[in-house]
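Asks: Sending over a structure as structure tokens; questions will come in a sec.
None of the figures in this text is laboratory data; all of them are computed from the coordinates on show. Worth saying up front: this structure is predicted, and the values here are computed from it rather than measured. Every residue, glycine among them, receives a Cβ derived from its backbone with ideal geometry; neighbour counts consider all protein chains shown.
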Amino acid sequence: MIQPIVTIVAHPGADPNRAEGTAVVVRSDRFELQTLGDLRTRIVAANNPLGFTGWQIVLGEIAKFGVEEPRSFFGKVIFTGDSRSTDRIAELVIDGEADAGFLRLCAYEAFLKRHPEKIGLLRVLDRRESSLACAHSTDLFPGFTLAVTEHIAPELARRLALALFSMEPDEGGPKWAVPANFLTVDRLLQTLEVGPWEGLGQGSIMKLVERNLPWVLLTLALILGLIFHSWRSEVVARRRREKVRELMEKEMKQAEALQTMHYESTMVQLANLFAHELRQPLACASLYAEGLARQFRRGKFDPEKMAGICDKVSDETHRASEIVERVRAYAKGRGEERKHLSVEKLMQHCVHLWRTYSALDIPLVFSAPDPDAALEGNEFELEVALVNLLKNAREAVQGAKAPAVSFTGAVENDRVVIRVMDSGTPPTDEELSRLGIPASSEKAHGLGLGLSIASGLIENHGGSIAFSRGPGGIFTGLAVTVTFPLLPGESVEK
């Protein structure tokens, strides 16, 4: 809390409550400037932006015009920076650099007294009538006041006041007086929202908004832009999610359709496999049965020979039963588990099966890779695929001048490569393009449905199959190259 104890009266005969004001001076030849309202957007000069008598009192007068922000009333303000720079302010007006200048009470008369040659160049704008000898353009307020805080003892404050009042003033100089009313000062500070009322005045928020209207509008535009962007992003994201969901549903439907097509194709291949593979053991069993019947008709009963024939019939029917069971297992999705297989033993067993079903003794060129070479797969499926390739090669060389079949295996770049070649007629480009197509039953040079079945089984083992013409020499017919991934190290199951 601050308590005023004395105030200074700088002018003889002045009321302590009406001891300070401001004189607004303009050039005498600026007839268009008659009132303070004529200074709108004009260039003015003042001593200090915090000066009470040289700046804030004038802003209080401007606020009386209903101006919400008096500081923006003028076009430009030149602050000289010193409350004692009266001459500088007056010179700015005289030289035309400022349209008007704000001088504290009696500073205008002191300037003319120091510079009599300037008399007549300036005049006071909106001059008020009062008992003071000094001209002024504003209301009058208490002068500079000496105050004490609550930390000063009352006795010390009293003694200080008595000491000041006992001082004799110089002739015509300032003197100390008792302050009576600071209400006008409080109202001015409240109107300007400075001092204790800074930011607390009525309508201060609206004034703050108006004072910073461009930035407020920019901020609102940014906020609205962010809201719109957020809404737009949400709409776009929702549409993308819907589109992704539609695409996923479409892909799922396509996957289901492909799975159905694959299943149907697999079932077709299984049916063809069943018919294709079952024909051989049944044909052999039928031939053995016919031979056994002929022996009975001739009355020849060689027990040992008949037992051998019966054993062969049993073997073939057992193989036919095995084929039926395995095909049923595939149809139910219960195919045999895959295991590590020796490539050499697999190829040798395929040759044995091929020889068993062949009535012709066709020359065979055979070579297998190193005994340690192994691959992973289903032995039955691989036998069916490779034996089918050998059967097709055998059929292709029937009627050839020098029938021969080549069945070789090797390891190339971590792949098991198995080739089947024949000495039949070279296939045409059209025949090569049709090889291995599912549901194709057309035969050309002994090539038929077996290739389609073999291709599917080989690809299911991660392998590949390629068709080309033979390299020449004896083997000028079809060359089938099959590759499988090679198992690393010695991983063959004994």
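Asks: So if I take the alpha carbon set of segment 339-485, get Rg, then get Rh from the Kirkwood formula, what is the Rg over Rh ratio?
Replies: Expressed as Rg/Rh, it is 0.94.
Asks: Around ALA23, which amide H atoms from residues at least 5 apart in sequence, or from another chain, sit under 5 Å from its own amide H, with H modelled in the peptide plane?
Replies: Distant-sequence amide H within range of ALA23: LEU103, ARG104, LEU105, SER137.
Asks: Among ALA293, LEU217, VAL327, which residue has its Cα positioned farthest towards the positive end of the charge dipole of segment 215-331, with +1 placed on the Cβ of Lys and Arg, -1 on the Cβ of Asp and Glu, and the dipole taken about the Cα centre?
Replies: Looking along the dipole axis, the top candidate is LEU217.
Asks: In Å, what Rg and Dmax follow from the Cα atoms of segment 42-110?
Replies: In Å, with Rg to one decimal and Dmax whole: 11.5, 34.
Asks: Output the peptides 388-399, 315-326, 17-28, 113-124 sorted from most to least packed, where packing is the average of other Cβ atoms within 10 Å over each peptide's residues.
Replies: Ranked by mean Cβ neighbours within 10 Å, highest first: 17-28, 388-399, 315-326, 113-124.
Asks: Could you tell me the number of lysine pairs in segment 339-485 with C-alpha atoms less than 29 Å from each other, where the two lysines are 8 or more residues apart or belong to different chains?
Replies: Here the count comes out as 5.
Asks: If you average over every viewing direction, what projected area does the convex hull of the Cα atoms of segment 215-331 give, in nm²?
Replies: 10.9
Asks: Next up: What is the P(r) of segment 1-160, as percent of Cα-Cα pairs per 5 Å bin from 0?
Replies: P(r) over segment 1-160, rounded to whole percents: 2, 9, 17, 20, 18, 13, 9, 5, 4, 2, 1, 0.
Asks: Quick check: the distance between the Cα centres of segment 94-116 and segment 176-194, to the nearest angstrom?
Replies: If we compute the Cα centre of each part, the gap is 26 Å.
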